[in-house]
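Since every read-out is calculated from the coordinates, none of them should be taken as a lab result. Computed from a prediction, not measured in an experiment: that's the story for all the values here. Heads up, the Cβs are rebuilt from the backbone with ideal geometry, glycines too, and the neighbour counts pull from every protein chain shown.
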Amino acid sequence: MQPGRINTETSSACYMCGKQGKIVYRNLADRLFGAPGEWTSKKCTDADCGIVWLDPRPTIDEIGKAYQNYYTHDQTNQRNKHG
């Protein structure tokens, strides 16, 4: 794995109903928290479902990298709240 990358896995089918997804957006970047990489979002083609997900998605072992700069994970912020 290269530094600044998150390992991913393909997830082309909906988590809820198993139908294939349709690409909604390509080449998305995390502008709020700076998670590395570009992302594609898909939407379930079942009108009764409509779930949107990342494809590819971060692997279980790598998901923490997507949130390492997320505001609730800032240790400085935690110290300020508790003392």
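Each residue of segment 4-18 was assigned a 3J(HN,Hα) from its phi angle through the Karplus curve 6.51 cos²θ - 1.76 cosθ + 1.60 (θ = phi - 60°); the sequence is x, 10, 10, 5, 10, 9, 6, 9, 7, 9, 4, 5, 8, 10, x Hz, with glycine and proline shown as x. Sticking with the crude label model, points 7 Å out along Cα→Cβ, report the distance from residue 43 to residue 24 in nm, one decimal please. That separation, rounded to one decimal, is 0.6 nm. Using amide H atoms built 1.01 Å from N in the peptide plane, name the residues 5+ places from residue 35, or on other chains, whose amide H lies under 5 Å from its own. Counting only residues 5 or more places away or on other chains, the set is 30. Listed values for segment 45-54 are Karplus-derived 3J(HN,Hα) couplings in whole Hz (6.51 cos²θ - 1.76 cosθ + 1.60, θ = phi - 60°), namely 7, 7, 4, 7, 9, x, 5, 10, 8, 8, and x replaces Gly and Pro.
If packing is taken as the average number of other Cβ atoms within 10 Å across a peptide's residues, how do 21-29, 54-62 rank, most packed first? Walk me through the numbers on the way to the answer.
Values: 21-29: 11.4, 54-62: 14.4.
Highest-to-lowest ranking by the protection proxy: 54-62, 21-29.
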